[in-house]
């Protein structure tokens with residue numbers, strides 16, 4: 001389950017890896033509408049998976065806030081964004097249709113995933129040979145209390161144990177592409193339809209009680225924040241997700257830290273700017289602009305920005 005590492009600026013880690021673009025094994029579809037306050041953590045968590053062969057398909061259903069700006073701030077080549085879906089169910093349909101991975105799953109824009117989420121599902125897939133895999137997680141409420149949610153026996157599907165919440169199940173992408181509109185009304189309907197399709201082909205459904213993600217009640221909407229305050233918040237969410245990975249991605253870490261450093265410098269929060277620029281500098285010491293930005297943040301006046309290319 002994702003840990004609370006909490007609100008500070010992470011230290012420059014060791015054991016970094018570089019981003020490698022490969023054909024995705026998993027497609028993670030994120031339908032969203034007005035989730036600027038949380039989507040950075042969700043997308044960042046997927047990009048921080050220990051299993052690198054993943055793509056993120058974000059489909060926006062007409063957000064009126066800065067959701068798409070938040071995604072653009074932290075996105076990389078593994079993220080594809082589609083806008084103007086008429087509704088959340090139709091956003092799911094678009095995302096499933098665009099999925100390019102062998103396997104697909106879908107999370108909400110408020111969900112948090114453990115760094116090992118997809119790797120554990122992949123291991124269970126490989127070991128069992130099943131075509132539907134589900135796991136457990138934790139429900140976090142607005143008062144910060146939590147309740148564990150585990151796979152349970154489904155009363156209308158004899159012998160099948162599963163958890164039918166966002167992100168808790170995966171199946172081959174071809175099953176998702178074949179879903180009807182009625183099977184996309186909510187995640188439970190989608191899960192039932194996938195299980196029925198898998199059983200109809202004589203394939204297995206397997207579950208694990210492992211808690212590999214957290215479902216959060218929607219956070220409050222931030223009101224009156226400046227663009228730089230929003231960018232800093234988005235980057236800190238993404239860095240928090242990345243800090244949980246045992247093999248953090250060096251290019252993502254440096255880029256996100258530099259974006260956050262620039263936003264902090266614009267806000268006059270010089271200590272934060274220096275710390276974030278130092279992370280970028282220490283992570284990719286061969287990139288001159290990160291050194292210049294860090295040095296500029298030490299000067300009594302002004303700063304030198306080093307946002308991503």
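For this structure, a couple of remarks:
- Against the main long axis of the alpha-carbon atoms of the chain, helix 187-200 sits at an angle near 50°.
- Angle in degrees between helix 250-266 and the longest Cα principal axis of the chain, rounded to the nearest 10: 50
- Helix axis angle, 227-243 relative to the chain longest principal axis, alpha carbon, degrees: 60
- Computed helical MRE - 222 nm, the chain, DSSP H runs ≥ 4 contributing -39500 (n - 2.57), nearest 500: -12000 deg cm²/dmol
- Stretch gain in nm, segment residue 80-residue 64, where the contour uses 0.36 nm per residue and the Cα spacing is subtracted: 3.8 nm
- Tail weight of P(r) past 25 Å, computed on alpha-carbon pairs of the chain, percent: 49
None of the figures in this text is laboratory data; all of them are computed from the coordinates on show. All values reported here derive from a predicted model rather than from experimental measurement.
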